[in-house]
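Below: the structure, in structure tokens.
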Amino acid sequence: MIEKVKGVVFELLDDATRRGDKVALVAFKGGIPEATVALPPTSSRSRARHRLEEIPLSGQTPLGDALRRARLLLRGELLRHPNAVPLVVVVSDGVPTVPVRRGADPVTEVLAEGRALRRGRIGCVIAEVAEPEHGCAAALAQASGGTRLPLSALAAELVLETVEDSA
């Protein structure tokens, strides 16, 4: 399953960089209960592929933190490039396990970040890796005003359509 997930993300990266779009990666590093910007915005296909190959996967999912970092990263890009069309593509099982704030509910934080994405006019596509009943992907899609898809349905053309529909 992990290889399938990375394969889909590689396809999206390749398609975006081929069109001249910038991509960035926010990921979870093994053993660290927070998200990190694994790749600042770039239009370099080789750099994006290299960084994605290096990302270790862990059982900890600080999804709220990842969404927050992605939102802040895109907000900075929008200040530099006001005509950009920002999009967050979340590839996740939709089961956040690590809260941003100690003792907080991770799902509540994820939904708050989803609403912040919507307020910031940042598009969101949630590609579910797990069965829908196991995560909060549907609620995140609703909170962010985004689109939820099973991973198997995620394709570059569909993501592009979603961006064009929200613009």
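The figures follow:
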{"read-out": "Test result for VAL107, of a type in the set (Val, Ile, Thr), farther than 24 Å from GLY7 by Cα and modelled with pLDDT of 85 or more", "value": "yes"}
{"read-out": "Meets criteria (among the hydrophobic types (A, V, I, L, M, F, W, C), touching a strand residue (DSSP E or B) at 6+ places or on another chain (Cβ under 6 Å), under 29 Å from ASP14 (Cβ atoms) and in a helix (DSSP H, G or I)) for LEU117", "value": "yes"}
{"read-out": "Selection status of ARG75, at pLDDT 85 or above, surrounded by fewer than 19 Cβ atoms within 10 Å (Cβ to Cβ), assigned to a helix (DSSP H, G or I) and not hydroxyl-bearing (Ser, Thr, Tyr)", "value": "yes"}
{"read-out": "Test: residue in segment 150-164 that is more than 20 Å from ASP21 (Cα to Cα) and either in a strand (DSSP E or B) or modelled with pLDDT of 95 or more (or both)", "value": "yes"}
{"read-out": "Close pairs (7 angstrom Cβ cut-off, 6 or more residues apart or separate chains): farther than 21 Å from GLY94 by Cα in segment 63-78, among the hydroxyl-bearing types (Ser, Thr, Tyr) anywhere", "value": "none"}
{"read-out": "Single match in VAL107, VAL88, VAL125, VAL98 (criterion: in contact with a Cys (Cβ under 6 Å, 6 or more places away or on another chain), β-branched (Val, Ile, Thr) and either within 16 Å of ALA27 (Cα to Cα) or assigned to a strand (DSSP E or B) (or both))", "value": "VAL88"}
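The values are calculated or read from the model by the stated rules, or taken from the named source; none is laboratory data. On a predicted model such as this, the values are computed, not experimentally measured, just so you know. Neighbour counts run over all protein chains shown; Cβ positions are idealised from the backbone, glycine included.
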